[in-house]
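Participant: Could you have a look at this structure, given as structure tokens, before my questions?
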Amino acid sequence: MDSFIFFRALGVVTLALSLLGGVLYWVYVTIQKTVPNLRYVIKYKVLRRKHNEEDVRMLMEDITNNVSGDDMYRTIVLSNKASPEKADELLYVFKELKKKMKGGIKNE
């Protein structure tokens, strides 16, 4: 009788952990699809980290030369100036700078 109670409890705990894991995975995938740049949103908007001036200067030159984001990303990755993760971050900063240039600079 004791082994029956043990295995029944083990089954219930396993089921509960599986359901919890499934729900957490579903939440993670949903967040990744809705906000793919969540890491950078948290870094630059929530934590208010400052941008690297050298990177911003380079990106501003690309904006003034009407370079698209895809071309900028491809150039950075192919020239080995930065890793793909850093290139993703630079693409995020590029898009944010372009939005600010289009909408005017606001004090936040």
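Participant: Inside segment 69-84, can you point out the residues that are aliphatic (A, V, I, L, M) and farther than 13 Å from residue 58 by Cβ?
Facilitator: 77, 78
Participant: All but one of (1) exposed (fewer than 11 other Cβ atoms within 10 Å of the Cβ); (2) at negative phi hold for residue 80; state the number of the condition that does not hold.
Facilitator: Here residue 80 meets the rest and fails (2).
Participant: May I ask you to list pairs of residues, at least six apart or on different chains, whose Cβ atoms are under 7 Å apart, with the first in segment 56-75 being touching a residue at least 12 places away in the same chain (Cβ under 8 Å) and the second being surrounded by 10 or more Cβ atoms within 10 Å (Cβ to Cβ) and charged (D, E, K, R)?
Facilitator: Taking only residues 6 or more apart or on different chains, the pairs are 63/98; 69/95; 72/62.
The numbers here are math on the coordinates, done by the rules we state, and not lab data. Keep in mind the model is a prediction, meaning the values are calculated, not measured. Heads up, the Cβs are rebuilt from the backbone with ideal geometry, glycines too, and the neighbour counts pull from every protein chain shown.
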